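Input: a single structure, listed below in structure tokens.
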Amino acid sequence: MRNPRLVFRNLSCGTNSLLLAYLPYLVDTVILQQVLLPYFERLPEEKVVPDTILGNVPVAHVTQTMDYRQVSDYLVRGWIYLQIEGTACGILLYVARIPSRSLGEAQVETQIFGPQVSFTEALETNLGILQGYLSTDLLTNVSITIGKRSMTNVEVCFMEELAAPENVQTVIQRISDLDIDGVIDSGKLVQLIDDNTFSIFPQLILTERPDHVSEALLEGKVVVFVEGSPFAIVGPSSFVDFFKSNEDLYVRWQMASFIRLLRFSALFVSLFFTATYVAALTFHYEMIPSALLVSLVKSRSKVPFPPLFEALLLEMIIEFLREAGARLPFKVGQTIGIVGGIVIGQAAVAAGFTSNILIMIVALSALASFTFPSYMMSTAVRILRFPIILLAGIWGGFGIMLGASFLLIHILRQSSLGRPFFLPFFPFRLHDFKNSLIRFPFYSLGKRPVMTRSPDDTRAPDEVEKKRPGQ
Amino acid sequence: MKRLRLLVHYLLMVALLNGCGEQQVLEKLGLAVAVGYDLSKDGQLLGTTVFYQIDPEARELVTVISGTAHTSKGLTLSQNRESSKKIVGGQIRVVVYHDELARKGILALVENLTRDASIGSNVYLTVAKGRAYDILTHRYPENSNIGIYLYQAIRQNIDGENMISSKLHEFMKDYYAIGKDPVMPYIERVKNELHINQIALFRDQRLVAEITTREGFFLKVLRERYNKGELEINIALDKKRLFTVIEHISSKKQMKVLDLEKPRFSVKVKMTAQIQEMAEKIDLSKPEQLNKVQKAIELAVKKETEQLLEKLRKHDVDPVGFGEIYNIASQKSGKKKLSKDECREIMKRAKYDVDVEIKILRTGVIG
Amino acid sequence: MSLSTFRRNSHMAISVSLALFMVHGNQVGIGIAGVQRFIYDRVQQDAWIAVIIAGIMTHIAAWFMLKILANYKDMDLYDIHQMVFGKWPARVLNFIFIVYIMGSALTILRGYIEIIQSWMFPEVPSWILNASLLCLSIYGVTGGIRVLAGISFFSVGLTILQLLLLVYPMQYADFHLLQPVFHHDLGQLMDAAKKMSFSTIGFEVILFIYPFVKEKEILPRYVHGGLFMTTCLYVVVMLVTLLYFQGEQLKQLIWATFMMMKIVEFPFLERFEFVSISLWMLILLDNLLTNLWVAMRGVHHISGVKERMALIGIVGVMFFASNFLETRQSINLITDVFGGVGFYIIFVYPIVLYVVIRLFRKGAVRT
């Protein structure tokens, strides 16, 4: 330990001489001053042995050590090292106050209805929140430390009896096999442990919502927390899971189903709408209905670029706006969105850069991609739009279909923790399907999803019977 | 493995870069909306094309171009030479044939439309009184876009069941049928307006006669299922003649061959309708009165239908498709399938037993 | 993706219900796009009956195939040949099968590209389109049987969705066109059914996926279910085609199914055939993937070459072979050849094999 900020403090209490060592910025100085120091003052005059202190020191966690290297590991996690002169072993007292923020509302995955709290960067807090949702001893953690240099704590959580052991084993195996110097965030970890790094689609969900995680745990999924990351990794996750928001469970099933369908149509709009415009205007002018033709012709008349270039240009502008909005400080960012959108849009049309209809289409497909609850998925879809537009500009409808077929084959080839990624659709599982494109009422969702291969697949047999309509 | 992947990617890239399809970018095209065919004086085809062109400098969205050639493809070529845009047929909505051309036969022209993959089957075919060129090049003060104007006018009439539909597909289907002849709307320009008040009757591919839209109503009833529309009809009630309007007509027809040797057909028409207007005050709430009116309308409809059938026979055309029915019946009795000409020969001797049944459902909002 | 995952994937099992989709998906390919005119040529309005007969034939052939397979546990046709005939005769037979499977894959691929070229991109060289589809299928086949089954599943879904669009041509249906029913003798119908058989083959895939199916005892009902679905689909398409077109018209149409799609129009989209042709890629891809997979397994079986290398070799051969088929005539020729050969390989050979197994190898091969 070569840290210059390390504090060594010698205390003489009667005949005892104590040595305290700690990192001041990790230790709760209030407890140190108001609890620990008075306690040391009151120590008996005669020689004390470590066991005495271990027995009655007013600190929750204490432990004993004789290993020097271990001491520094503890010190950097906010423990105080106490050495009584003349004894061989040292005592470690947990008085940490790791700097962290208080609980806040979810910022990335906002929802209107349901719990608003989100995870924070502190692992302990996260586990605490989670245990608050699931007050059961079935919730099990496995702690793993990864990163040769960062020594990051990772917790693998799952529900005993509900999670399939092979899933848990897969996750633990993949995490422990990592040989890397440091993992700071779960966003990095997830890329190291997912099934196919080459796929653009995320295969494990990242979520900051404790309710989402709790629900996933009840479905028999495995959750990974990383120290310092407010996002938990949830798996195995199917493609459809990325389009589910936990809010869908809190609103009535008709509304939830409508919203889900809306999101899936948004997926297709986002992927193929601009491409269809490009294909129709570049190759298949026959397909344009006569009522639309006049307005299309009029709006295109001033545009000097071919539709492919026009569409790519506008898509780029939208992406610039989005990225600028994300990078700029919050207050500026908001104005950029509005000002940029309106001003650039208006000016582009006035300058004859693009047609009105295309602005509408591009805005619509960008908007559609923002409806997905998963940020990763929405980014993936937005990026995929570009190759599809390109294909549409080269081969029209044939090109779009080529892209779509490739995507379909690609998705079919993916897996999440070894389970098929496209699950409720293929292989088709009626039970999982009931909670995918649409959400059926809960009485028909009495089983855990097939995706997780839970050893105990019944969720609520009695409730299910009682709530069945007509009884 | 890695090298293979690279190779695949490379091949894909090459394919994409070299294999770009022929672009038909909207603004580089002249999108033909309506096409007219005339017979020019030297016996060549005179083609007139109404097309959109996307040009920021052009004052008008719609341009008309014409040219002469021997074939319709030749026309496109000669028109392309004159135009700054490539004229394409994928958006054609209406094709207008000069009636004199139609009298000589238009099969080759129509077939060329079907051969072109870019032309749809929803194109309306029409016959024009006078030159199509005059109709398409005339400046209509109320409508700057003659193509769409014509299209909407025809479509509106067909949707409202005032006119018999003659889409490209329907024309070809009727033409190829043994024992059925195609029909087309007959359009006419009267000063600054287009009138569609006649129906052109074809014998195979040749225009031979025309009937009024009123007769067209009865033809339509016999040709297809009739769902809406209205009819003003003169009935004889208690030895008085008076006019009545029936509407929301829906009809079914049934035709049977009664006799194969001396071709005789039974034609049964069942109609339901609503009385909209009577020229005289008659109390229709009484069942016997209503019955009387019903009978009178039946009689009037029957008479007009018979007149129409007589007219069709006189012109030796069969747009209803009696020949088809006859052919089926004769095949069922074990004879060989008739050819087009045999069928037409037989139909010359045809007799019809018309039977009309009308049910008045409502009599408007007052009794 | 490493080789090990590939090997694991290709030996993955699929659930038995997917056999239905694989059978159906592999039967429906390019044939349905234009088979109607060949059947109409032979039996006119009774074409749909010929389709039903062809359907019954598939059930019979599949019954024999399943009987053969049930005799051997976890073996595909390649293994069975080896068991029954010994090493070298089996190699020859397997080679014939591989050539046939590759040939039919080639027909399908070339047929689709012919459609693309005549409808959308006449000037794009076919080798580029070939290469793009073959690259896509390499990616699919290396995903293993799961991907094949998945693509089949979605292609069946797409077929059914497109089937709903036949409502549009049905609006122009003329029911006289089906009459007189049963006007051909059995010989003519059988001849037409034989012609139809090229479009119904594809279910031979069960001979090769058999080892991968999980619950084999209930496989027959899914196979027959898939065959029944195909027959229903073909009958519906055939009926609608017969109702929508006049026979003489139909005789000229190379792709009658897409011609019917021309009439489909939505308020936001017209000329649905362009969409339909594009969507057809998935239906074709499912045929292509399955055939390539079967051929790949065969080459692997007779030569011991690694599956991946075998696949690349096959695709290479197909790519070069397809470049020799430039004209419509050569495509028709290959379609006729493989259609004719296919009839004997798929409908006759299983019966022969079954008899051979029953008579000569009784008892010895049962496991």
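A few remarks follow.
- Extreme residue, nearest to the chain's Cα centre (by Cα), among residues of region A:375-408 that are at the interface with chain C (Cβ under 8 Å from one of its Cβ atoms) and open to solvent by less than 10 Å² (accessible area, probe 1.4 Å): A:405
- Unique residue being at pLDDT 85 or above and among the β-branched types (Val, Ile, Thr) when the list is A:29, A:15: A:29
- Qualifying position, being among the β-branched types (Val, Ile, Thr) and within 14 Å of chain B (Cβ to nearest Cβ), among A:223, A:294: A:294
- Applying a threshold of 7 Å to beta carbon distances and a minimum spacing of six or more residues, or different chains, the list of pairs starting in region A:419-435 at a residue that is among the acidic types (Asp, Glu) and ending at one that is surrounded by fewer than 22 Cβ atoms within 10 Å (Cβ to Cβ) reads A:432/A:450.
- Once region B:92-116 is narrowed to residues that are without any contact (Cβ under 8 Å) to a residue 60 or more places away in the chain and surrounded by 19 or more Cβ atoms within 10 Å (Cβ to Cβ), the residue that is farthest from the other protein chains (Cβ to nearest Cβ) is B:113.
- Considering residues of region A:275-291 that are under 40 Å from the mean Cα position of the chain (by Cα) and under 13 Å from residue C:269 (Cα atoms) only, the residue nearest to the other protein chains (Cβ to nearest Cβ): A:281
- If you go through region C:79-107 and keep only what is open to solvent by less than 70 Å² (accessible area, probe 1.4 Å) and among the hydrophobic types (A, V, I, L, M, F, W, C), you end up with C:80, C:84, C:85, C:90, C:93, C:97, C:98, C:99, C:101, C:102, C:105, C:106.
- Region A:409-436, subset among the basic types (Lys, Arg) and more than 9 Å from chain C (Cβ to nearest Cβ), residue nearest to residue A:256 (Cα to Cα): A:434
- Single condition residue C:314 does not satisfy, out of (1) within 14 Å of another protein chain (Cβ to nearest Cβ); (2) open to solvent by less than 10 Å² (accessible area, probe 1.4 Å): (1)
- Among the residues making up region B:125-156, those that are under 25 Å from residue B:181 (Cβ atoms) and open to solvent by less than 10 Å² (accessible area, probe 1.4 Å) are B:125, B:126, B:127, B:128, B:132, B:135, B:150, B:154.
- When region A:108-130 is filtered for residues that are open to solvent by 60 Å² or more (accessible area, probe 1.4 Å) and farther than 27 Å from residue A:78 by Cβ, the ones remaining, listed by number, are A:108, A:110, A:112, A:113, A:116.
- Just one of the listed residues (A:373, A:387) is under 28 Å from residue A:191 (Cβ atoms) and outside any helix (DSSP H, G or I), and it is A:373.
Here's the yes/no breakdown for (1) modelled with pLDDT of 95 or more; (2) touching a Phe, Trp or Tyr at 6+ places or on another chain (Cβ under 6 Å); (3) open to solvent by 10 Å² or more (accessible area, probe 1.4 Å):
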{"residue": "A:260", "(1), (2), (3)": "no, no, no"}
{"residue": "A:264", "(1), (2), (3)": "no, no, yes"}
{"residue": "A:273", "(1), (2), (3)": "no, no, yes"}
{"residue": "A:277", "(1), (2), (3)": "no, no, yes"}
{"residue": "A:282", "(1), (2), (3)": "no, no, no"}
{"residue": "A:291", "(1), (2), (3)": "no, no, yes"}
{"residue": "A:294", "(1), (2), (3)": "no, no, yes"}
{"residue": "A:297", "(1), (2), (3)": "no, yes, no"}
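- Those helices (runs of 4 or more DSSP H) lying entirely in region A:301-353 with at least 2 residues more than 30 Å from the chain's Cα centre (by Cα), of a type outside the set (D, E, K, R) and closer than 20 Å to residue A:390 by Cβ: A:307-327
- Some residue of region C:108-130 being open to solvent by 20 Å² or more (accessible area, probe 1.4 Å), within 21 Å of residue C:337 (Cβ to Cβ) and of a type in the set (Phe, Trp, Tyr): no
- Of everything in region A:416-464 that is over 23 Å from residue A:167 (Cα atoms) and part of a helix (DSSP H, G or I), the residue that is modelled with the highest pLDDT is A:442.
- Subset of region C:264-276 that is within 30 Å of residue C:315 (Cβ to Cβ) and more than 7 Å from chain A (Cβ to nearest Cβ) - its residue that is surrounded by the most Cβ atoms within 10 Å (Cβ to Cβ): C:273
- Among (1) open to solvent by 30 Å² or more (accessible area, probe 1.4 Å); (2) more than 14 Å from chain A (Cβ to nearest Cβ) - the single one residue B:55 does not satisfy: (2)
- The residues in region A:187-197 that are in contact with a Gly (Cβ under 9 Å, 6 or more places away or on another chain) and not charged (D, E, K, R) can be counted, and the count is 2.
- Region A:74-168 holds strands (runs of 3 or more DSSP E) entirely within its bounds, and those carrying 2 or more residues that are touching a residue at least 60 places away in the same chain (Cβ under 8 Å) and within 19 Å of the chain's Cα centre (by Cα) map to A:152-159.
- Checking A:336, A:318 one by one, the residue that is touching a Gly at 6+ places or on another chain (Cβ under 8 Å) and among the β-branched types (Val, Ile, Thr) is A:336 and no other.
- Test for residue A:278: is it over 27 Å from residue A:426 (Cβ atoms), in a helix (DSSP H, G or I) and in contact with a Leu (Cβ under 6 Å, 6 or more places away or on another chain): yes
- Restricting region A:173-210 to residues that are polar (S, T, N, Q) and more than 16 Å from residue A:222 (Cβ to Cβ), the residue that is least open to solvent (accessible area, probe 1.4 Å) is A:199.
- Subset of region B:158-189 that is modelled with pLDDT of 85 or more and over 29 Å from residue B:340 (Cβ atoms) - its residue that is nearest to the other protein chains (Cβ to nearest Cβ): B:189
- Residue within region B:65-75 that is part of a strand (DSSP E or B), within 14 Å of chain A (Cβ to nearest Cβ) and either surrounded by fewer than 18 Cβ atoms within 10 Å (Cβ to Cβ) or polar (S, T, N, Q) (or both) present: no
- Checklist (1) more than 14 Å from chain B (Cβ to nearest Cβ); (2) in a loop (DSSP other than H, G, I, E, B) applied to residue C:173, failing item: (1)
The values are calculated or read from the model by the stated rules, or taken from the named source; none is laboratory data. What you see is a predicted model; the values in this text were computed from it and never measured. As a convention, Cβ positions derive from the backbone with ideal geometry for all residues, glycine included, and neighbour counts pool all protein chains shown. Ligands, DNA and RNA are excluded from the accessible area calculation, which covers all protein heavy atoms including side chains. Shrake-Rupley method; radii C 1.70, N 1.55, O 1.52, S 1.80 Å.
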